[in-house]
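All remarks here apply to the structure that follows.
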Amino acid sequence: MKHYEDIHCKEHDDSALKVNEGVVQPPIVNPYFQRRKRHTLSTDDYIKGIREGNITILAQAITLVESLLPEHYAQAQEIIERCLPYSGNSVRIGITGVPGAGKSTFIEAVGEIVASLGHKLSVLAIDPSSERSGGSILGDKTRMEQLVHNPSVFIRPSPSAGSLGGVARKTRESIILCEAAGFDVIFIETVGVGQSETAVHSMVDLFLLIQIAGAGDELQGIKRGIMEMADMIAINKCDSGNQQRAELAKRHFLNALNLFPMPDSGWRPRVYTCSATEGNGLSDIWNGIEDFLKFTKQNGYYQHNRHRQAKYWMYETINEALRENFYRNPQVEAHLKENEELVLSDKKSSFIAARDLLNDYFDSLKK
């Protein structure tokens, strides 16, 4: 539709009512843009890049390992198998603590010390996934603003994706890839879920628990399950003005640890106070870590623990493979939704529905 001014004011070009023609709007999408197909790396390319310490290829390999797509599974397993001979030469340290204890700040501060000693550090930071959307913020790398620029450090945030135990679904496989890439110190930062850290405890050499002082009842932080697994406790945020509360919390934790039986390692857990922001006490913690590793290697617990963990993850891998195979079975897929609706409508109990689905699965294996 033409404007009134365009119809009646053509002879009066100098009229204030004249409307000039607008310019043609450019297209929203660049017409010269061509989508290029991403180059797919072969298994040899992945192995070569990992062994050369290429962190870009290392990150892509971890993404491939974490993928749920069936077409990625076979290549990921081959990469892991070929990296196994080059793994096992790192120090694996699990770091956990309640949300807000300053785990990321602590890792950044200690990580700078580790890198300055000539070590290559890999940080596998696990971020909790939303139960509703399934998404994760993956903000741990953003918190480590200084450490992320250190060329000797590789930081990889991963979503927990519903996995229990405070770790991601494929954290152990990621450790193998990082070790094959030459990283000799690996930090595994858990989601900080409190007492569900058995998974990360089964893949590390030392388990470090971070606590804070002055946040309420100190005894609330003394949970038997997580305390019995901790090889070392660091009371963070011992900043100026908070030292007295931190020392009081340290005494509480030491008293609690004395009530527990001696760990299998023969090492009585130590308690330290530190400030990740001010840098106090961090060197003492790293020296304590080295003392623990030296002690456990001398008494044979270090290698015994590695063997026990390898056995544990063999059975965990079997359980995961069986679960995946069950849900991808055509017979199960055909009757799963039907049984689910019968359970929801109270026409069949959960136990009978599970038994029927398992019978379908075992019958399909016999054919």
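Quick notes on this one:
- Proximity of backbone amide H atoms, modeled 1.01 Å from N, is registered between Q211 and A234, I235, N236 at under 5 Å, excluding neighbours fewer than 5 places apart on the same chain.
- The gain in end-to-end length when the R51 to R306 segment is fully stretched comes to 89.5 nm, 0.36 nm per residue minus the alpha carbon separation.
- Once the Cα-Cα distance is subtracted from the 0.36 nm per residue extended length, the E338 to M314 segment shows a gain of 5.3 nm.
- Of all accessible heavy-atom area on the stretch 250-336, the percent that carbon and sulfur account for (1.4 Å): 52
- Note on the stretch 23-130: with neighbouring protein chains present and a 1.4 Å probe, carbon and sulfur make up 56 percent of its accessible heavy-atom surface.
- Neighbourhood charge, 12 Å Cβ-Cβ cut-off, centred on L282 and excluding it, Lys, Arg +1 and Asp, Glu -1: -4
- Surface accessible to a 1.4 Å probe, per residue, for the residues of the stretch 247-326, Å²: 59
- Between the stretch 250-291 and the stretch 306-367, the alpha-carbon centres lie 43 Å apart.
- In order along the stretch 318-327, phi translates into HN-Hα couplings of 4, 4, 5, 5, 5, 5, 4, 5, 5, 6 Hz, rounded to whole numbers, per the Karplus curve 6.51 cos²θ - 1.76 cosθ + 1.60 with θ = phi - 60° and x for Gly and Pro.
The values are calculated or read from the model by the stated rules, or taken from the named source; none is laboratory data. Here the structure is a predicted model, which is why all the values come from computation and not from measurement. Because the Cβ atoms are built from the backbone with ideal geometry, glycine has one as well, and the counts that use them run over all protein chains shown. These area figures cover heavy atoms from the full protein model, side chains too; ligands, DNA and RNA do not enter into them. Shrake-Rupley method; radii C 1.70, N 1.55, O 1.52, S 1.80 Å.
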